[in-house]
Amino acid sequence: LFLKFHHCLRALTYFSHLITRYAVETTIASMSRPEHTGPPELFYNESEATKYTNNTRIIEIQMTMSARAIELLNLPEDQPSFILDVGCGSGLSGEGITEAGHYWVGMDISPSMLEIAVERETDGDVVLADIGEGVPFRAGAFDGVISISVLQWLCNADKVSHNPFKRLKRFFTMLYSSMRSGGRAVFQVYPESPKQMELITEQATRCGFTGGVVVDFPNSTKAKKIFLCLFAGTPVANYKLPQGLGSEGSNTIQYGNDRFTGKKRKRNGDVTRKEWIQNKKQKMRAKGKDVTADSKYTARKRKPKF
């Protein structure tokens with residue numbers, strides 16, 4: 001009886017250790033990747049929004065990244081611009097826009113965050129909207145766009161109806177139309193993997209954007225920041241992407257100016273249309289299938305009339 005009790009006690013201790021370890025790992029994972037815990041409108045509830053706004057370290061990081069994003073926009077200094085803040089939250093990044101002498105409008109999906117922004121009496125107007133459903137503004141409204149730590153949320157399917165490909169495409173399509181020709185957009189992102197970053201940039205180029213990626217402090221684990229710099233239309237001639245901070249070499253990745261129109265058809269050398277069809281029919285015959293005999297009309301294009 002004593003041995004049985006001893007083994008049961010050891011088993012309970014082992015299982016409690018596993019449960020504690022799992023809870024700690026889950027907490028760490030949720031802290032590093034909040035988008036894995038659930039949709040943003042639920043994650044940024046009232047308590048999380050208050051903690052986010054009152055934490056001095058978060059405020060400092062948010063203001064620093066906002067200032068860097070505005071710097072990368074390279075807006076004219078002699079006149080104020082109209083900027084869209086995507087995922088404005090409680091308006092911390094908007095304060096940086098105001099300090100730079102520009103006007104702004106923010107949009108966010110979290111009602112709790114926007115309530116704090118209204119209580120703080122931010123200079124910009126705020127709109128409750130899901131960026132995965134598009135950008136609800138008229139065409140050519142904005143001179144520039146900034147976004148801090150938002151785009152990676154669109155790469156997750158929080159609902160059955162959510163498709164990351166379609167949501168990214170809809171966002172970039174409507175964003176492109178809401179920007180003036182030659183306008184710039186800077187997105188600070190935390191991609192989970194290179195494949196996720198490729199997904200974001202591919203959907204942006206499909207919708208007509210050009211630009212590239214700027215990486216600040218690429219050799220640092222904590223200070224490394226990735227900025228996606230996009231242009232609505234063709235950028236100014238001889239324009240080059242800004243250099244990343246914290247390295248002597250170039251920390252930019254340039255994307256082409258050609259708009260992506262879909263998959264290109266691959267052809268086998270200089271094979272003509274007729275030769276390709278004849279080779280295809282020969283393969284079908286080898287499989288024992290009935291194939292129409294070749295004639296002088298094989299592979300000939302039909303006229304547009306009967």
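The values are calculated or read from the model by the stated rules, or taken from the named source; none is laboratory data. Everything quoted here is computed from the prediction, not taken from an experiment. Note: ideal-geometry Cβ built from the backbone for every residue, glycine included; neighbour counts use all protein chains shown. Remember, those area values only see protein heavy atoms, side chains included, never the ligands or the DNA or RNA. Shrake-Rupley method; radii C 1.70, N 1.55, O 1.52, S 1.80 Å.
Among the listed pairs 166/281; 195/289; 195/222; 159/195; 169/274, which are separated by more than 32 Å between their Cα atoms? Could you put the intermediate results ahead of the total?
Working: 166/281 39 Å; 195/289 42 Å; 195/222 21 Å; 159/195 21 Å; 169/274 38 Å.
Table pairs above 32 Å Cα-Cα are 166/281; 195/289; 169/274.
Stretch residue 41-residue 289 to full length: gain in nm at 0.36 nm per residue minus the Cα-Cα span? Before the final figure, lay out each step's value.
Details: separation 248, 0.36 × 248 = 89.28 nm, distance 5.81 nm.
Gain on stretching residue 41 to residue 289: 83.5 nm.
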Can you return the aspartates and glutamates within cross-link range of residue 283? Criterion is Cα-Cα under 14 Å, with same-chain partners fewer than 8 residues away left out. 275, 294
So what does residue 47 come to for accessible area, using a 1.4 Å probe and Å² rounded to 10? 80 Å²
Accessible area (Å², 1.4 Å probe, nearest 10) - residue 225: 30 Å²
Could you work out how far apart the two model spin labels at residue 139 and residue 301 are, taking each label as a point 7 Å from the Cα in the direction of the beta carbon, and quote it in nm? 3.3 nm
If R0 = 41 Å, then residue 56 and residue 160, at their Cβ-Cβ distance, give a FRET efficiency to the nearest 0.05 of 0.55
Provide the per residue accessible area, probe 1.4 Å, for the stretch 95-170, rounded to a whole number of square angstrom. 50 Å²
Taking a probe of 1.4 Å, how large is the accessible area per residue of the stretch 32-89, in Å²? 54 Å²
The base-10 log of I(q)/I(0) that the Debye equation returns for the stretch 103-222 at q = 0.11, 0.15 Å⁻¹, one scatterer per C-alpha, is -0.40, -0.76
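Rounded to the nearest 0.05, what FRET efficiency is calculated for residue 223 and residue 33 with R0 set to 30 Å and r the Cβ-Cβ distance? Intermediate values should be presented prior to the final figure.
Values: r = 19 Å, r/R0 = 0.63.
E(calc), rounded to 0.05, equals 0.95.
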Which one of 211, 194, 161 is farthest out on the positive end of the charge dipole of the stretch 151-237, using unit charges on Cβ (Lys, Arg +1; Asp, Glu -1) and the Cα centre as origin? 161
Note to self: C-alpha centroids of the stretch 209-227 and the stretch 77-92 sit apart, in Å, by 21 Å
